[in-house]
Amino acid sequence: MTTDTELLTVPQVMKRLQLSRTAVYDLIRTRQLTSLTLSRARRIPTHALTNFIHTRLEQEAA
């Protein structure tokens, strides 16, 4: 896998964003952070996390 298609677990995203599990799942639930489910496992593509961060930075700058 390349870094563009790497899939992160919720705990990995929690660590990168320094947010709680609930906060990460809220971002997923409100579709601010794209994710997919494989079997029963929730995964977040690295590009989705990058897009989320860029979008938030643009919103803060506006």
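Just so it is clear, none of the values below were taken in a lab; they were calculated from the coordinates. Owing to the predicted nature of the structure, the values given are computational and were not obtained by experimental measurement. When we count neighbours, we look across all protein chains shown, and the Cβ atoms used for this are built from the backbone with ideal geometry, even at glycine.
Out of contact with any helix residue (DSSP H, G or I) (no Cβ under 7 Å at 6 or more places or on another chain), in a strand (DSSP E or B) and surrounded by 10 or more Cβ atoms within 10 Å (Cβ to Cβ): which single residue out of 43, 56 fits that description? Give the steps one after another, and end with the answer.
Values: 56 fails: in a strand (DSSP E or B).
Going through 43, 56 in turn, just one is out of contact with any helix residue (DSSP H, G or I) (no Cβ under 7 Å at 6 or more places or on another chain), in a strand (DSSP E or B) and surrounded by 10 or more Cβ atoms within 10 Å (Cβ to Cβ): 43.
Looking at 50, 30, 46, which one is touching a residue at least 12 places away in the same chain (Cβ under 8 Å) and of a type in the set (S, T, N, Q)?
On inspection, the qualifying residue turns out to be 46.
Considering only residues that are under 10 Å from the mean Cα position of the chain (by Cα) and hydrophobic (A, V, I, L, M, F, W, C), which ones fall in the range 37-62?
Selection gives 44, 48, 49, 52, 53.
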